[in-house]
Amino acid sequence: MLRFHIPNMTCGGCAKGVTATLREAAPAAKVEIALDRREVSVDAAASEAAAIERALRDAGWEAAAA
């Protein structure tokens, strides 16, 4: 399970945007959002972490591995 802290994910709309970005980067991955902690968990291989983080950043999310 990969976890990312996304400080600029502040509302439900942001969570939907993050989820959409993750679905494009890793279509088969299970995504769990913890909006109160501004974190997202992605059930994906560790080898995909850099690509997923890059996809989030390219979409404008301030993602950092948590």
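Looking at the range 1-13, is at least one residue without any contact (Cβ under 8 Å) to a residue 24 or more places away in the chain and part of a loop (DSSP other than H, G, I, E, B)?
Checking the range 1-13: not a single residue is without any contact (Cβ under 8 Å) to a residue 24 or more places away in the chain and part of a loop (DSSP other than H, G, I, E, B).
Determine, yes or no, whether residue 36 is exposed (fewer than 12 other Cβ atoms within 10 Å of the Cβ) and of a type in the set (D, E, K, R).
Details: exposed (fewer than 12 other Cβ atoms within 10 Å of the Cβ): yes; of a type in the set (D, E, K, R): yes.
Yes: the conditions hold for residue 36.
Among the residues of the range 13-23, is any in contact with a Ser or Thr (Cβ under 8 Å, 6 or more places away or on another chain) and not aliphatic (A, V, I, L, M)?
So far as the range 13-23 goes, no, none of its residues is in contact with a Ser or Thr (Cβ under 8 Å, 6 or more places away or on another chain) and not aliphatic (A, V, I, L, M).
Hey, could you check the range 38-59 for residues that are assigned to a loop (DSSP other than H, G, I, E, B) and in contact (Cβ under 8 Å) with a residue 24 or more places away in the chain and say which is farthest from residue 7 (Cα to Cα)? Spell out the reasoning first.
Step one: filter the range 38-59 for residues assigned to a loop (DSSP other than H, G, I, E, B), giving 38, 44-45, 59.
Going one step further and asking which of them are in contact (Cβ under 8 Å) with a residue 24 or more places away in the chain, we end up with 38, 44, 59.
Values: 38: 6, 44: 21, 59: 14 Å.
Per the criteria, the residue is 44.
Yes or no, residue by residue, for (1) of a type in the set (A, V, I, L, M); (2) out of contact with any helix residue (DSSP H, G or I) (no Cβ under 7 Å at 6 or more places or on another chain):
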position	(1), (2)
1	yes, yes
4	no, no
9	yes, no
32	no, yes
41	no, yes
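Within the range 1-19, can you find the residues that are under 25 Å from residue 47 (Cβ atoms) and surrounded by fewer than 11 Cβ atoms within 10 Å (Cβ to Cβ)?
1
Bear in mind that the values in this text are calculations on the coordinates, not laboratory data. As the structure is a prediction and not an experimental result, all values here were calculated from the model. Reconstructed Cβ throughout: ideal geometry from the backbone, glycine too, with neighbour counts over all protein chains shown.
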